[in-house]
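Asker: Sharing a structure, written as structure tokens. Questions coming.
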Amino acid sequence: MENHIELLWILFVLHTDSNQIRTMADKAVEKPAGRPMRYPYTFSAKLAQFPIKHYIKNQWIWRYYFIAVVACVPVFYKISKLANSPENKKAWADSQAKEHAEHH
């Protein structure tokens, strides 16, 4: 079965040139199938009609989110390295042992 699919794919690629495949893909992207539902009540219909391009273009949070991630990752990495260092783990274990000894 798998060999038949590969053979069909090879024949399809050899038969169609890249411009034809590109125009077929463009047509599929340009025209959605059917018309949108008037009252989308299923989750997939709501997702299909959600105007994500509008929100990405017009809300500031989408632009600055990626800048903030790039700025914060090195800081969080440094904090994690310091918090998980062997010296800090030993100091934490000592303080916990001292606190436990005081209570019992």
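The values are calculated or read from the model by the stated rules, or taken from the named source; none is laboratory data. Small disclaimer: the values here were computed from a predicted structure and weren't measured. Positions of Cβ are generated from backbone atoms using ideal geometry, with glycine treated the same way; all protein chains shown enter the neighbour counts. The accessibility values were calculated without ligands, DNA or RNA, using every heavy atom of the protein model including side chains. Shrake-Rupley method; radii C 1.70, N 1.55, O 1.52, S 1.80 Å.
Asker: What's the number of the condition residue 13 fails, among (1) open to solvent by 70 Å² or more (accessible area, probe 1.4 Å); (2) more than 28 Å from the chain's Cα centre (by Cα); (3) modelled with pLDDT under 90; (4) aliphatic (A, V, I, L, M)?
Answerer: So residue 13 meets the others, but not (1).
Asker: Please count how many residues of the stretch 45-94 are surrounded by 10 or more Cβ atoms within 10 Å (Cβ to Cβ), polar (S, T, N, Q) and over 30 Å from residue 35 (Cα atoms).
Answerer: 3
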